[in-house]
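Okay, so here's the structure we're looking at.
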């Protein structure tokens, strides 16, 4: 049954994506709010499909901690899920993404229209400078910069690999940083078509105020996000056991 429901979800997920891509074409001629509205609807419809088809609920904790105005959102990254599910939580998000993604037909066009921030990793230190400059420009428009500081998805339980770019971004922009912990990788594992029933939990942590030294900020961000993530993962693991599900996405214990 789990495999069947996972297959049904994936078919509906990609059909939904195709429909949204088609509907979004006119937004290329509209103001930016047009494509942002399509993305928000797509994210919410995906969560509806997860609940109805796969038995996956979503719980957001600490939404009241999201401050208004410009800020950096630094999120744990375990799954494809958070690349869309965090979008509706923010008033005007700008995700930091690899430049190569901007070359994908339709997706790249819409990302450009939504004024996402692309990073050319091949440019080394210049890429960091360009990212910071783009982020400052978007923050001046009161947007929220969303960054996954590990750069790629890491399975639940894996050793964290935070990159120092988030500390440079925090230092250069002078805005608060909102840490986000989650356990999505338990239920929507990376590199797997299976979707495990349970509850994806997202914890919005207390904003880190601007002005801290880079090293102090970097250590605090990692410590707080990893501690909260460990608690959420433990909750999810207990739920999986109660549901009689063995989750193959977990990294081996160190």
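Of the residues 182, 186, 221, which is surrounded by 23 or more Cβ atoms within 10 Å (Cβ to Cβ), at pLDDT 95 or above, over 16 Å from residue 86 (Cα atoms) and within 17 Å of the chain's Cα centre (by Cα)? So that I can check it myself, show each step before the final result.
Numbers: 182 fails: over 16 Å from residue 86 (Cα atoms); 221 fails: surrounded by 23 or more Cβ atoms within 10 Å (Cβ to Cβ).
Selected residue: 186, the only one of 182, 186, 221 that is surrounded by 23 or more Cβ atoms within 10 Å (Cβ to Cβ), at pLDDT 95 or above, over 16 Å from residue 86 (Cα atoms) and within 17 Å of the chain's Cα centre (by Cα).
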Residue in the range 194-217 that is under 20 Å from residue 161 (Cβ atoms) and modelled with pLDDT under 95 present: no
Single residue of 172, 159, 138, 150 found to be closer than 23 Å to residue 219 by Cβ, out of contact with any helix residue (DSSP H, G or I) (no Cβ under 8 Å at 6 or more places or on another chain) and surrounded by 15 or more Cβ atoms within 10 Å (Cβ to Cβ): 150
Test: residue in the range 190-199 that is crowded, with 20+ Cβ neighbours inside 10 Å and under 17 Å from the mean Cα position of the chain (by Cα): no
Complete set of residues in the range 145-200 that are assigned to a loop (DSSP other than H, G, I, E, B) and within 21 Å of residue 65 (Cα to Cα): 148, 149, 174, 175, 176, 183
Close pairs from the range 187-214: first farther than 20 Å from residue 157 by Cα, partner assigned to a loop (DSSP other than H, G, I, E, B), Cβ under 7 Å, at least 6 apart: 207/67; 207/176; 208/176; 209/176; 210/174; 210/175; 210/176
Qualifying residue in the range 120-132 (condition: in contact with a strand residue (DSSP E or B) (Cβ under 7 Å, 6 or more places away or on another chain), more than 20 Å from residue 167 (Cβ to Cβ), surrounded by 18 or more Cβ atoms within 10 Å (Cβ to Cβ) and in contact (Cβ under 8 Å) with a residue 24 or more places away in the chain): no
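The values are calculated or read from the model by the stated rules, or taken from the named source; none is laboratory data. Because the structure is a prediction, the values reported are computed rather than measured. For neighbour counting, all protein chains shown are included, and Cβ atoms are generated from backbone atoms with ideal geometry for every residue, glycine included.
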